Every structure is written in structure tokens, then in C-alpha cells.
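Engineer: For reference, the structure I am asking about is given below.
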Amino acid sequence: MTIPSTDSPEVVTAAGRVRGVQRDGSAAFLGIPFAEAPVGDLRFAAPVAHSPWEGVLDATAYGATPQRAALSEITLIPEPSIAGESTLNVNVFTPTVPTAGSTDALLPVLVYIHGGGFVAGSPASPWYDGAAFNRDGVVTVSVSYRLGFDGFGWIEDAPHNRAILDWILALEWVRDNIAAFGGDPARVTIAGQSAGGGAVLSLLAVPAAASLFNRAICISGATSDLPLADAETFGRQLAALAGVAPTRAGLSTLDEKTILGLQDRVASPIAEADPEGDPLAPLVQLAAGGLTWGPVVDGDVLPESVADALARGVAADKELVLGATDDEFNMALAPQAEVLSAVPAAAILGKFGLPDATVEAYVASHPERGTADLIGQYITDRMFRVTAVTLATARARQGAPTWLYRFSWPSPTIGGACHCLDMPFFFDCLDAERVENIAGANPPQALADDVHGAAVAFITGGNPGWTAFDEATGSTRVFDVPSHTDNDGYADVEVLLTEPVTA
């Protein structure tokens, strides 16, 4: 995809000159490689900074994406798949192109990491265009990184957490180059949604990333924190299914399509074993065990779980905004609503390993919800909302500046404040492609002003505009029409806070 231009601005980076496109009020430089293509000997290796090039690199079209399948047709956010080998690239959107050699604009910088369950997603979405942030004086960067097994899978003789290493190298690229695009390398905010929000949380606990950003925004983030032993089990399973050694040499004999198919089989063992079995079983597995492919607690790149790190004060010097939508995954069981209506919600919740008393209290606290909606709400609460309030509480106990929010405005097309609904409001792109599918024909601009405005205020000044979270008040911003601030905004998940899910 190429963005139409009226001019061709050029910027000199550490690796060479790039040519972008001038738009109305901003400039875009797309598909700039921050690392060598992860192919051949580099396929399962740590990323290597891109070598210098001669002449001018054309940066007028989005670069190749690690996402290979056309998932944009079935996901809520349009995220195109783009063929090519050089998948480790960044897109830079800036309100100003400094004159040659000048690096004194020093505007705040937003670095955005896309979601997709760590196995999908694309930085080339029209929703992630930085035009609105540029309008408000923020340089914006979106990052492409290795997904699924290539990014996170355990391999006997390969570095762990290769995708995290991609994030780190991208942030180092920002540190070393963003001033040439008008940005301030000393004022970098990282942000992400869904798996991208999980990436943000992981980066808070990654020592090698500590000096590379100042602030963080976690949107509907779910942590992975996969134990190293589990990662090894999954990696060996994938290699065994392929009949190869679990080494770089063995796995390099498999093409991309084969790896993608195998990673799906390993991630869905219940469906693999019994495709006609209990349709709720994969959801139980997800809530109990989390994602198969994602950040691994390897004792090195990610030394400990995010929760443990934040509880002992890691990243307490960084401001953090985090939260979730009210009904993230409630839609997941909507097709089974009629069938499940005859099944008591308590009977299904029991499959998640919850104590009887917790099940009873949770059902009683949601009297208006049918069984399918209630189970969807439980998935939402367990994976997203409990994570948000738990981590906010842990940071508050360390005196770390943290702001908690809820996105509560319901989708007029899908129903509820569903997963991804907040993204066009965050990027203030209500007229972008396919926004109408999720937000209706007339999404409220006032809500975009609130959500996007809070992000700009935080990125530029370190305060989104409401009272920081503390345990005494539970101060929470509720984004709705109208938006307001509430105390104990997550009180409805308190029954789950002390009862971990069991596998």
C-alpha cells in the first residue's frame, strides 16, 4: 500500500537516506528496515541492525509483514499482509521534516506495537496512521516484529524471545534516528493494544529496554509470561510433529507455510485431538494456560514475570496508563447464545477451576447476563480487566505513577464495549476504512476527543488528565458518552482478584 503524496521529503538515517511522502500536515516514511531480513542464517537468530545502503531508499510504501495470511478479512481491525523478506521495519509519521542536518525539533514520540495474539497483526493498518498524533505535535512510529513460532518459539540453539529482541532493536533505532524526523529520543512513549499491550507490559520488565522509553500505554493488554519449561515443551512438540530436530538447522528445513500450520496445531491441542468436542474447551484452555506463543520468562531477556517485576518496583520510574474495554471478548460466544441459554452459567464456570464460592459470587454479581454473555464476560475479566487492576495495584504500592481507565461505550453494531472498539478513538481516525463495521455510521467525535486527547496529554506531559490510581479510591477514568471519573471503577472484578484460575 502506498500513501499518495504531493512532495517527496528526504531524511538521512544512520544507515542511509530515505525518501517519504508529504501529506496534508504530516509526512510519512514507510517500511524503513531497522534490521536485516530474518531469513537464511538470520531466520531464528537475534535481529541484526541493517547495514548501510547506497543512494536513497524509497519509503513510500509499507514494508513486508511477518503476517502472511490475509487475516484482515476476518479480524476487527484491517491489517494487511504484505509479501517480502525484509519484515523487520518501522513506519514513521511526523508533523515536521527538519532541514538537512537539523535535529532540534525534539517533539514527543509515540512508538506503537500492534496486536494479534502474537501470531498475527500488521503495522500497515490504516487505523495506525499517525496523522492525528502528528496534528497534535507527536511523532509516531509503528513497528513490525516476528510473530508466532519465529518470534517466540523455543529452539535448542537459538536465542529466546526473538520478538522481544526485535522490539528492543526497533527502540534502539528510534533512539538513534528519531531526531532526524523531528522527534525527541529522550521523550519516547511506547503503546500497544491486545498482544501489543502485552508487549508493552513485557517491555516494562525487560532490563535491556529500560533506557529506551519513558512512558507506556497498555490498551487491553494481556500478559504472556510463558514459563521457559512450557516454551520448551511447545517447541519440542512442533519439531516432533514435523519430524525434525528442535534446532535451527532442523527447523530451517521447514518453509513458512509448514511452520504456520504446525504452530496452530500446537496451540490448539484440544481441537486437534477432538475437533467435534466441547466448543468451550479452547476457551477454558486459553483462560487457564494463556497463549502458546508469546513472551517467555527466560531468566535473561525477560528475567521474571511482569507481575513479579512490577510488584517489586521494576519500572516504577516510568509513567503508565492501562485499562481495557468493558466487554472485550463477550462476543466470542454470541453464536452459541441460544444453545447455552439452557445451561446454568455456574456449571460452565466450574470448568474454569473456580471455587464454588467464587462461582456463586460471580454469577450473583451479573444477574442481567445470559449464560453466553456471562462466560464471555468471565474471559474478558480474567484475561484483561483483572490484569489491569492487579498491575495498577502492584504499581500503586510501589508509588509508581499509574492511571487506570475503562472504555465503556458500546458498539452499535457488535454490542458492548468489545475488543478493538477503542482503537479508532485512540488514533482519532473515525473516518478510516472499516471503522463503521465496529463503531457504526456515526461514532461520537467527542469520545475520540476524550480518548485521543488523553493519550496526547500523557505522551506530551506525563499526565492523561485524571487522578492517578491508588488503592484507597480506585480512581478510574471511564471513557463513554459522556466520559467521567469513577472511584472503584473495577469493583465488579474484585471477586476474582484473589482466586487464580487453575489449569
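Engineer: In the P(r) worked out for the chain, what percent of Cα pairs fall beyond 39 Å?
Structural biologist: In whole percent, the share of Cα-Cα pairs in the chain beyond 39 Å is 20.
Engineer: Based on the Cβ-Cβ distance from residue 249 to residue 104, what FRET efficiency comes out when R0 is 35 Å, to the nearest 0.05?
Structural biologist: Efficiency, from the Cβ-Cβ distance: 0.10.
Engineer: Using a ≥ b ≥ c from the Cα gyration tensor of segment 316-496 (square roots of the eigenvalues), is it rounded, prolate or oblate, where a/c under 1.5 gives rounded and otherwise the larger of a/b and b/c decides, a/b for prolate?
Structural biologist: Verdict is oblate for segment 316-496.
Engineer: Compare the Cα positions of 398, 441, 194 along the charge dipole of the chain (+1 at Cβ of Lys, Arg; -1 at Cβ of Asp, Glu; about the Cα centre) and return the one farthest towards the positive end.
Structural biologist: 398
Engineer: Can you give the charge dipole size of the chain about its Cα centre, rounded to the nearest 20 debye, using +1 on the beta carbon of Lys and Arg and -1 on the beta carbon of Asp and Glu?
Structural biologist: About 760 debye.
Engineer: Right, something else. Find how much the distance from residue 61 to residue 437 grows on full extension, using 0.36 nm per residue of separation minus their present alpha carbon separation; answer in nm with one decimal.
Structural biologist: 132.8 nm
Engineer: Between residue 449 and residue 157, what is 0.36 nm times their sequence separation minus the Cα-Cα distance? Round to one decimal in nm.
Structural biologist: Using 0.36 nm per residue and subtracting the Cα-Cα distance, I get 100.2 nm.
Engineer: Would you mind calculating the relative contact order of segment 316-496 from Cα pairs under 8 angstrom and at least 6 residues apart, reporting the percent as a whole number?
Structural biologist: Relative contact order, segment 316-496: 27 percent.
Engineer: Tell me, what is the percent relative contact order of the chain, built from C-alpha pairs under 8 Å that lie six or more residues apart?
Structural biologist: The normalised contact order for the chain reaches 13 percent.
Engineer: Hey, fewest Cβ within 10 Å first, where do 291, 171 land in order?
Structural biologist: So the residues, fewest neighbours to most, are 291, 171.
Engineer: What length, rounded to one decimal in nm, is gained on full extension from residue 494 through to residue 360, with 0.36 nm per residue of separation minus their alpha-carbon distance?
Structural biologist: Residue separation times 0.36 nm, minus the Cα-Cα distance, leaves 46.9 nm.
Engineer: Would you calculate a helix-derived [θ] at 222 nm for the chain, using -39,500 (n - 2.57) for each DSSP H run of n ≥ 4 and dividing by the full residue count, to the nearest 500?
Structural biologist: Helix contribution divided over all residues of the chain: -8500 deg cm²/dmol.
Engineer: How charged is the neighbourhood of residue 315? Take every other residue with its Cβ under 11 Å from the Cβ of residue 315, and add Lys/Arg as +1 and Asp/Glu as -1.
Structural biologist: Net charge around residue 315: +2.
Engineer: Where Lys and Arg each count +1 and Asp and Glu each count -1, what net charge lies around residue 475 among other residues with Cβ under 14 Å from its Cβ?
Structural biologist: -1
Engineer: Continuing with this model, one more query. Cα centroid distance between segment 382-397 and segment 433-470, in Å?
Structural biologist: Each part's Cα centre sits 21 Å from the other's.
Engineer: So what's segment 107-188 giving for Rg/Rh, alpha carbon basis, Kirkwood Rh from the mean inverse pair distance?
Structural biologist: 1.04
Engineer: Next question, about the same structure. If one computes the Cα centroid of segment 314-335 and of segment 98-175, what distance in Å separates the two points?
Structural biologist: 20
Engineer: Oh, and also: Find the relative contact order for segment 1-66 and round it to a whole percent, using C-alpha pairs within less than 8 Å whose residues are 6+ positions apart.
Structural biologist: 38
Engineer: With 10 angstrom as the radius, rank 219, 414 by how many other C-beta atoms surround their C-beta, starting from the fewest.
Structural biologist: Result, fewest neighbours first: 414, 219.
Engineer: Also: Excluding residue 213 itself, what net charge comes from residues whose Cβ is under 10 Å from its Cβ, given Lys and Arg +1 and Asp and Glu -1?
Structural biologist: Spelling it out: positives minus negatives among the neighbours equals +4.
Engineer: Classify segment 295-416 from the C-alpha gyration tensor, please: rounded if a/c falls under 1.5, else prolate or oblate depending on whether a/b exceeds b/c.
Structural biologist: Prolate is the answer for segment 295-416, as a/c is 1.5 or above and a/b outweighs b/c.
Engineer: For a quick check: sort 86, 202, 51 by the number of other beta carbons within 10 angstrom, fewest at the front.
Structural biologist: The most exposed by this proxy come first: 51, 86, 202.
Engineer: Right, something else. Set the Förster radius R0 to 35 Å, insert the Cβ-Cβ distance between residue 233 and residue 351 as r into 1/(1 + (r/R0)^6), and round the FRET efficiency to 0.05.
Structural biologist: 0.95
Engineer: Can I ask one more? Between residue 85 and residue 176, what is the FRET efficiency for a Förster distance of 30 Å, r being their Cβ-Cβ separation, to the nearest 0.05?
Structural biologist: Working from the Cβ atoms, E equals 0.80.
Each reported figure results from applying straightforward, stated rules to the coordinates on display, with no laboratory input. Small disclaimer: the values here were computed from a predicted structure and weren't measured. Glycine also receives a Cβ, built like all others from the backbone with ideal geometry; neighbour counts cover every protein chain displayed.
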